[in-house]
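Data block below; observations after.
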Amino acid sequence: MTQRIPRVLVVGGGYVGMFTALRLQRKLRRDEARVTVVDLDSYMTYQPFLPEAAAGSVEPRHVVVFLRRVLPRCEILSGRVTRVDLASRTADFEPYGGPGRRLEYDYLVFAPGSVSRTLPIPGLAECGIGFKTLEEAIHLRNHVLAQLDLVASTTDDRVRRRALAFVFVGAGFAGVEALAELEDMAAEACRYFPAIKPWDMRWMLVEATDKILPEVGPEMGRWTAEQLRGRGIEVRTETLLRSAENHHIVLSDGDEFDADTLVWTAGVKPNPLVRSGDLPLDSHDRVKVDPCLVVEGTTFAFAAGDCAAVPDLTRPGETTAPNAQHAVRQAGRLADNLIATLRGERRKPYVHKSVGSVASLGLYRGVANVYGHQVRGFPAWLLHRAYHLSKIPTFNKKTRILVDWTLGFFFKREIVSLGAMQDPRQEFELAARSGFRASRERAPAHSGAGRFGG
């Protein structure tokens, strides 16, 4: 009788999911396990490059990795896992179309990542947008450039002020890098709009705490705030967004104004899938795991990344930060521990001391704190690019990103809003409706047999 091959289910195709599957694919023999990866998208997005994709410094397709290409020995399912059950070792799966089904597994890698952490602020859901996905980044690029097109084509002062107001809420990496890159792009684009000067635009960073970029330390955070203010960007610390109804922004410091652009980057929270089954959770809805990344109370389930409370052995009593630096390294340890479990070997704990943080503040500008060394300006920008180029997976993507950057030294980046991408069917619908109305007007008033009737 042939022995059944163990089934490994990987929930999530992000940093942890993809890098874990890559390592399993490379280290496992074909008869040791069958690996299935489930994700809504068929690609992994390298999120640190989203600001540069939004600003036009890199081609959007170059910051994503097609899962089916890099994981040829894994089964890839595109759809949504709606429930994970540890007791029965099953997961409920819903594909994009057709009926759902139940997936059985012997070993689980739970890594659905995180979603934007929002607050019940009036108007936020209707007027705001996040900055976690490639779709959001490219939408913002097209939207910002479309606002410039609008302003250059109208004489209404109220419309102009509203269109040129850009508000970003949250001063962590996502908020600061997205704002800095898009402001840099928009300022450069103004040379093609004689009626718009860079100082006509109002860029604002709103932060509830008293500091920005806490990851790089207080001193470098203050330096970053000074640099942003020097570019005309308003940095409002200890300030809350009270309301955004009908694109009317109300801040806790009493300021009120209209803005067509509201970007919410005020933190993340674990994917809601964590609450769908019987996973053990902490007070922050993160999956409880031991230092070996094994889900508490099991020997077959593993979790890591933004959705897991991974003990930080370099700082007893604390958990690791939800960032790419930890996620990629946790994926390697998780895969090795899963393989050790399959082979009856000893698992090892995850230990990593953060090397620091790097951030881009627009073209040729950056800030970094690496191994306690503070770097700013052009050297920090180079360090930011070098670090992330080394981390984006596959030689294919590294080469394409490097080519994008090299071309950027010789040619100006493209400044064009592909507005039709926001609603690609709009023109066709208008044409179809007008054609329908025209045919109705030409039709005879009496009824009768048509051309094929009788």
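Only the coordinates and a few stated rules stand behind these numbers; no lab work does. Quantities reported herein were computed from a predicted structural model and do not represent experimental measurements. No Cβ is skipped: glycine too gets one built from the backbone with ideal geometry, and neighbour counts run over all protein chains shown.
Okay, here's what the table says:
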quantity: Distance between modelled label sites at residue 27 and residue 428, nm, 7 Å Cα→Cβ extension; calculated: 4.7 nm
quantity: Length released on extending from residue 396 to residue 238, taking residue separation times 0.36 nm less the Cα-Cα span; calculated: 52.5 nm
quantity: Over the chain: helical MRE at 222 nm, DSSP H runs n ≥ 4 each giving -39500 (n - 2.57), nearest 500; calculated: -10500 deg cm²/dmol
quantity: Per-selection metrics, the range 13-64 (Cα): Rg and Dmax in Å; calculated: 14.3, 46
quantity: Per-residue HN-Hα couplings for the range 93-106 [Karplus 6.51, -1.76, 1.60; θ = phi - 60°; Hz; x = Gly/Pro]; calculated: 10, 10, x, 4, x, x, x, x, 8, 9, 9, 9, 9, 9
quantity: Global geometry of the range 1-125, whether rounded, prolate or oblate, following the gyration tensor of its Cα atoms and the 1.5 cut on a/c; calculated: oblate
quantity: Cα-based convex hull, the chain, per residue volume (Å³, whole number); calculated: 221 Å³
quantity: Separation of alpha-carbon centers, the range 359-389 and the range 246-283, rounded to whole Å; calculated: 28 Å
quantity: GluC sites (Glu not before Pro) restricted to the range 173-264 and DSSP loop, no more than 14 other C-beta within 10 Å; calculated: 238
quantity: Cβ-Cβ FRET estimate between residue 248 and residue 209, R0 fixed at 41 Å, reported to 0.05; calculated: 0.95
quantity: Under 5 Å, built H, 5+ apart or other chain: amide partners of residue 352; calculated: 313, 314
quantity: Check: the chain dipole with +1 on Lys, Arg Cβ and -1 on Asp, Glu Cβ, in debye; calculated: 1820 debye
quantity: FRET efficiency estimate (nearest 0.05) - Cβ-Cβ, residue 88 to residue 410, R0 60 angstrom; calculated: 0.55
quantity: Hits among lysines - C-alpha to C-alpha of residue 27 under 30 Å, sequence gap 8 or more where chains match; calculated: 288, 348, 353, 391, 397, 398
quantity: As computed over the range 256-377, the Cα convex hull volume per residue (Å³); calculated: 187 Å³
quantity: Approximate spin-label separation residue 374-residue 161, in nm, with each point projected 7 Å along Cα-to-Cβ; calculated: 3.8 nm
quantity: The range 186-216 residues near the modelled residue 222 label - backbone nitrogen below 15 Å, point 7 Å along Cα→Cβ; calculated: 210-214, 216
quantity: Using a Förster distance of 51 Å, the FRET efficiency for residue 314-residue 101 (Cβ separation, nearest 0.05); calculated: 0.75
